[in-house]
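A short worksheet on the structure shown next.
Just so it is clear, none of the values below were taken in a lab; they were calculated from the coordinates. The structure presented is a predicted model; accordingly, all values stated were derived computationally and were not measured. Don't worry about glycine lacking a Cβ; one is built from the backbone with ideal geometry, like all the others, and counts go over all protein chains shown.
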Amino acid sequence: MDTALSGRTALVTGAASGIGEAVARSFAAQGAHVIVADLDGSAAEAVAADIGGEAWQVDLSDPDAIAARQVDVDILVNNAGIQVVSPLEEFDPARFRLMLGIMVEAPFLLIRAALPGMYERGWGRVVNISSVHGIRASAFKSAYVTAKHGLEGLSKVTALEGAGHGVTSNCINPGYVATPLVEKQIADQARVHGIPESEVVEKVMLAHNPIKRMVATEDVASLASWLVGPHASMVTGASYTMDGGWSAQ
């Protein structure tokens, strides 16, 4: 059994499915106690029970819900997110605020809550699941691109402030990952681009990719595991692309 994370406690948001679930399972397999945080409480309970962790049903758009829980963890993975595909002039301002709340304000609040304990112990790892959209833009994704660019900045500031306390902070920047979040975009992408749903993956999602396939959740989890492991203590303030070559162009 891999015991690289034995004795560590990790909080992973959006961990009931997709990337978050893969990360939670990877960390647990290495001996970490994992808090599976998700809006879907029953799904979070199922994953937590399967990996020997604990579930936290939480609405990350509600700052009071975050403040109600003590966040004393060694590892924090900010993964939760939602997507809306819409032209700017039609984008619902309330949805824009909601998305920034979940993907920028909530990570800020969780980092803010976790840092004192990390500083006291002289060790901490923050991993922010950003996106290729943290360093590139796509049409019709104003809120998502804005949020991921904001998360990149927050991660770098965390890296600078945490450097003297044994705390690192990094971003992982995948392209399209085979997750429910991506699958839910297909109909909207077809609508805004005026193409059939059957053509969305090839003509929109993988159009920029030299490698013509989606990222596997397990690959993202593998990189997250390395970033919190024993060989990445000098890696901080970085953004690791995993986008099939999209951002190389």
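Quick notes on this structure:
- Fewest-first ranking of 179, 9, using other Cβ atoms within 10 Å as the exposure measure: 9, 179
- Packing-based exposure ordering (other Cβ within 10 Å, fewest first) of 64, 219, 92: 64, 92, 219
- Sequence-separation-based contact order of the range 27-104, relative, with Cα cut under 8 Å and 6+ spacing, percent: 23 percent
- Comparing 225, 130, 138 in a Gaussian network model of the chain (Cα springs below 10 Å), the most mobile by mean-square fluctuation is 138.
- Computed from Cα atoms, the angle from the helix 41-51 axis to the main principal axis of the chain rounds to 60 degrees.
- Farthest towards the positive end of the charge dipole of the chain, among the residues 96, 57, 241, is the Cα of 241, using unit charges on the Cβ of Lys, Arg, Asp and Glu.
- For the chain, size of Cβ-based charge dipole, Lys and Arg +1, Asp and Glu -1, in debye: 640 debye
- The relative contact order of the range 146-243 comes to 44 percent, based on Cα pairs under 8 Å that sit 6 or more residues apart.
- Between 51, 195, 172, the GNM of the chain built on Cα springs shorter than 10 angstrom shows 195 fluctuating the most.
- Degrees separating the helix 142-162 axis from the principal Cα axis of the chain, which is the longest one: 20 degrees
- Cross-link partners for residue 212 among the lysines, with Cα-Cα distance under 29 Å and sequence neighbours closer than 8 places in the same chain left out: 141, 148, 184, 203.
- Neighbour-count order for 21, 152, 120, fewest beta carbons within 10 angstrom listed first: 120, 152, 21
- Here the dipole of the range 104-202 is about 300 debye; that uses its Cα centre as origin and unit charges on the Cβ of Lys and Arg (positive) and Asp and Glu (negative).
- Virtual paramagnetic centre 7 Å along Cα→Cβ of residue 29, amide N under 18 Å, in the range 198-225: 215-225
- Selection from 173, 111, 227 lying farthest towards where the dipole of the range 92-249 points positive, charges on Cβ: 111
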